[in-house]
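The values are calculated or read from the model by the stated rules, or taken from the named source; none is laboratory data. As the structure is a prediction and not an experimental result, all values here were calculated from the model. With ideal geometry, Cβ positions are generated from the backbone for all residues, glycine too; neighbour counts draw on all protein chains shown.
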Amino acid sequence: MSANKETTIQSNDENKEIRKIKLNRILLPIFIGLAVVAYLFYSEFDPDASSKLHFTWKSTFWIFVAFLCILGRDIGYMIRIRVLSEGELSWRKAFRIIMLWEFTSAITPSAVGGTSVAIIYVNKEGISVGKSSAIVMFTSLLDEIYFVIMFPILIWVTGFDALFNISGSPTISTSIFTLCIIGYTIKFVWVLLLGYGLLFNPRGLSKLIQWVFKLPFLRRWKTGAAKAGNDIVMSSAEMKSKSWKFWGKAFLSTFLSWTSRYWIVNALLMAFFAAEIAGHHFMIFARQLIMWVTLLITPTPGGSGVAEVMFSQYLGEFIPIVGLAIAFAFLWRLVSYYPYLFIGAFIFPKWVQDKFGGKKKKQEELTIPENK
């Protein structure tokens, strides 16, 4: 196959992936999230409960800390992608990639994933296709390693029964426990397979993935599986020779981003209930980790609706004022989820125009017929 033909096929594939991202999709998660919050407000909210909150300078300080955690989350991601790109990505490019990546995750179900689009985001910022695949693949691996390591540590610190027990809701407790164990098992196996494939036997893992997706009930995704297999081979060639110092920086930045993500709720609760949650910080942190793995299998974009319900049920016991759990669930999503919808909606159209050839080229892409 000639180089020009390969480039054309790659460009068409990129066009198809980018065309899947519609700005009007931001309306769906917003609608779902607000509808669920409105229903829970109607059924559970106590208007008199808000009068029991006392806003002080200490509250202002902890809300500021919550925003620092948000910055820590994004800065950690930016540091990591700069490390993985070996400095080829500037801070501005890293910021743009992370915001677009978060935006894509926010408007698509977590189970769908955005790996193929993420590779395009990195590649269009001046990184080769092989290295872009490597960056995205190893980003995924580092994220999963964080969970695989932190989950047993937090169970040991908090205690198994306390972590999964929801007072008065044994059915919900059992469901969360079951989903979490299934999710952890999948992640653990995936870390072993992906780590082995990326670092030791990429072609073997590629063949295994393609063989699995030849099964009748998975055959519809075999094209994507074949591409993933090729990405793994390219990624291995790019990354397996890196030093321990390189991987240490990559993991520490991963630790910064995910730990900052989970401390946002702790900071928001400290703003109003510092005395009440004293001694429960690791429990709150651990339960957010559980929520994250559970939300990975939700069908709604970005876990909209489900996240708010899980927060009020699973973290509600740490809010001592009855009737305010859903208000804090909404506040949590307001600072940690909705900003990425609006920042992405602002950045994405201009990015498409800049990276896909301007207005004329953009109009041509919009009329490209879908492959049969």
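Note on region 271-306: among residues that are among the aliphatic types (A, V, I, L, M), under 19 Å from Tyr184 (Cα atoms) and in contact (Cβ under 8 Å) with a residue 40 or more places away in the chain, the one that is surrounded by the fewest Cβ atoms within 10 Å (Cβ to Cβ) is Ile297. I want to confirm something. Restricting to region 120-161 and keeping residues that are at pLDDT 85 or above and more than 30 Å from Ala286 (Cβ to Cβ), which single residue is surrounded by the most Cβ atoms within 10 Å (Cβ to Cβ)? Out of the qualifying residues, it is Val122. Taking the criterion of being modelled with pLDDT of 80 or more and either hydroxyl-bearing (Ser, Thr, Tyr) or loosely packed, with under 15 Cβ neighbours inside 10 Å (or both), the residues of region 164-186 that qualify are Thr178, Ile181, Ile182, Tyr184, Thr185, Ile186. The one condition from (1) within 19 Å of Val65 (Cβ to Cβ); (2) at pLDDT below 80 that Val322 does not meet is (1).
Looking at region 249-261, is at least one residue hydrophobic (A, V, I, L, M, F, W, C) and more than 19 Å from Leu154 (Cβ to Cβ)? Among the residues of region 249-261, at least one is hydrophobic (A, V, I, L, M, F, W, C) and more than 19 Å from Leu154 (Cβ to Cβ), which makes the answer yes.
With a requirement of 1 or more residues that are farther than 30 Å from Pro202 by Cα, the helices (runs of 4 or more DSSP H) lying completely within region 212-330 that satisfy it span 244-277, 281-295, 306-314.
Cβ-Cβ distances below 6 Å connect the following pairs, each with a first residue in region 187-205 that is modelled with pLDDT under 85, a second residue that is not in a helix (DSSP H, G or I), and a separation of six or more residues or different chains: Leu199/Lys240.
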